[in-house]
């Protein structure tokens, strides 16, 4: 693929300021833990920006209790895209870390991020795995074994519309690059998908192999859009449209065909409630080819293909698979105990 566009990515300072941007909407019960995890970082040069997106719970009280330890931004509800755009625009750091208010950081997260960006000065985006915890912050028995993409992922975006990507709270960026893609569209959700689909057109992405973030599973993020097929379809359409806009902007010859997107085809077929065996087999073949193409491990590929196969061949079971994830769905079939969904990312589901 063509070289990355030329733009000024200045060297990092020896001890760069890192801006952590927390976006919050009615997560006051978790917000204190998120803020405290940032203030407890081993890296000393941090500014913490907390954007409250029109919460109606106790969030404002939590924010005010921290006084000048944080930079608060209180705004009317505009959605995740607006909240992150406002927070990043306020940030003074050379590196930007994102954090959802219901998640929290490992104490060494920021130090590790700084070290990796300094060692790899061309990286524009950095991600890492995460640990699943319950509402109380206790680690869950089943943890995702996830490999994340590195290097130039533009060919994967243009061919498959995805790469092995991370969750919001596991993402960090060079501020100079974010300035190239902001402001974001006014997205109510999935603003991180916009960043993961645009930033890699400016340079290679990197990863840290260790889990440095705790992703909290709770009632507020277990349901809702997970069972909304229209939402899943819209997300895939939005991502592919964004990728193609970037490809055209960069004068690349290849763009993404959404009809070759296995996730989009799966969700569309489920929404129609009419899936022929021929179509199901075709989509399963696309899913296998896609998994191999984006570099999923054999285990991840098996899980992904089995996930899609159950949805396509047994549509009545699809809601349970979408809500709980494959591991917990299968566990629920063997055991009467309630199941707990696992976290999935957006670009590399």
The lone condition residue 78 fails out of (1) assigned by TED's automatic domain parsing to the domain that holds residue 174; (2) over 22 Å from residue 189 (Cβ atoms); (3) not in a helix (DSSP H, G or I) is (2)
Exactly one of (1) closer than 20 Å to residue 295 by Cβ; (2) in a helix (DSSP H, G or I) is unmet by residue 230. Its number? (1)
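With 114, 177, 153, 199 as the choices, which residue is within 21 Å of residue 301 (Cβ to Cβ), at pLDDT 95 or above and buried (at least 18 other Cβ atoms within 10 Å of the Cβ)?
Result: 153 is the single residue among 114, 177, 153, 199 that is within 21 Å of residue 301 (Cβ to Cβ), at pLDDT 95 or above and buried (at least 18 other Cβ atoms within 10 Å of the Cβ).
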Given (1) more than 21 Å from residue 87 (Cβ to Cβ); (2) without any contact (Cβ under 8 Å) to a residue 60 or more places away in the chain, number of the condition residue 181 does not satisfy: (1)
Name the single residue, out of those in segment 260-280 being touching a helix residue (DSSP H, G or I) at 6+ places or on another chain (Cβ under 7 Å) and assigned to a loop (DSSP other than H, G, I, E, B), that is farthest from residue 313 (Cα to Cα). 261
Here are some residues: 166, 172. Which one is in contact (Cβ under 8 Å) with a residue 40 or more places away in the chain, more than 27 Å from residue 253 (Cβ to Cβ), assigned to a loop (DSSP other than H, G, I, E, B) and in the same structural domain as residue 211 (by TED's automatic domain parsing)? 166
Condition test on residue 17, is it under 30 Å from residue 201 (Cβ atoms), surrounded by fewer than 19 Cβ atoms within 10 Å (Cβ to Cβ) and either at pLDDT 95 or above or assigned by TED's automatic domain parsing to the domain that holds residue 184 (or both)? yes
Does any residue of segment 291-298 turn out to be in contact with a helix residue (DSSP H, G or I) (Cβ under 9 Å, 6 or more places away or on another chain), buried (at least 17 other Cβ atoms within 10 Å of the Cβ) and under 19 Å from residue 330 (Cα atoms)? no
Out of 2, 100, report the one residue that is over 23 Å from residue 115 (Cβ atoms) and modelled with pLDDT of 95 or more. 100
Taking the condition of being more than 25 Å from the chain's Cα centre (by Cα) and in contact (Cβ under 8 Å) with a residue 24 or more places away in the chain, how many residues in segment 13-35 meet it? 2
When residues of segment 305-322 are filtered for being crowded, with 16+ Cβ neighbours inside 10 Å and in contact (Cβ under 8 Å) with a residue 40 or more places away in the chain, how many remain? 6
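The values are calculated or read from the model by the stated rules, or taken from the named source; none is laboratory data. Please read all numbers here as calculations on a predicted model, not as lab measurements. Note that we place each Cβ from the backbone using ideal geometry, even for glycine, and neighbour counts take in every protein chain shown.
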